[in-house]
């Protein structure tokens, strides 16, 4: 429902030399996974970590921090696979197989259907500026330091989400028209953003 999505948290990650990326976390679809990532941002757990393993035209990886003083990383079960890797800016969990989610995550540079049904999607970039930062990270091709992170007011960002459910139901489908960007890949992705998640 629209009222549920309006309550979805917005978080940000700032990276050295490139700026801030803002993400909508889909708590209306994957509440447990969204809450874990929200806490990593609001509690500054991601600060000082790196976005690394840059794979052009695919994804980069973040997180991977130790969750307690004894070096344990508790595996968390896959919440669901209702959302797909449908375009640039999508957030999903990194794992070692089914139900082995730790503290690592992916930020995708492009549509990545090969990750569907294997990695839980839980969010996406919320605006054009965030996508611009993401593409600069991709273009740079080197690890980048996360210098700041946190949670922000839901009213301060216009959401442009690329996620869709696996149900294929036509209800709730919408198209968002946004400003055309210089990068042709961004233009094709953002000028007509379709979602089949009921909103």
What shape does region 2-158 take by its C-alpha gyration tensor, where a ≥ b ≥ c are the square roots of the eigenvalues and a/c under 1.5 counts as rounded, a/b above b/c as prolate, and the rest as oblate? rounded
With an 8 Å cut-off on Cα pairs and a minimum separation of 6 or more residues, tell me the relative contact order of region 2-158 in percent. 35 percent
Quick one: Cα centre-to-centre distance for region 97-144 and region 7-30, in angstrom? 12 Å
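Any read-out appearing in this document is the output of simple, stated calculations on the displayed coordinates, not a laboratory observation. From a predicted model like this one, the values you see are computed outputs, not experimental measurements.
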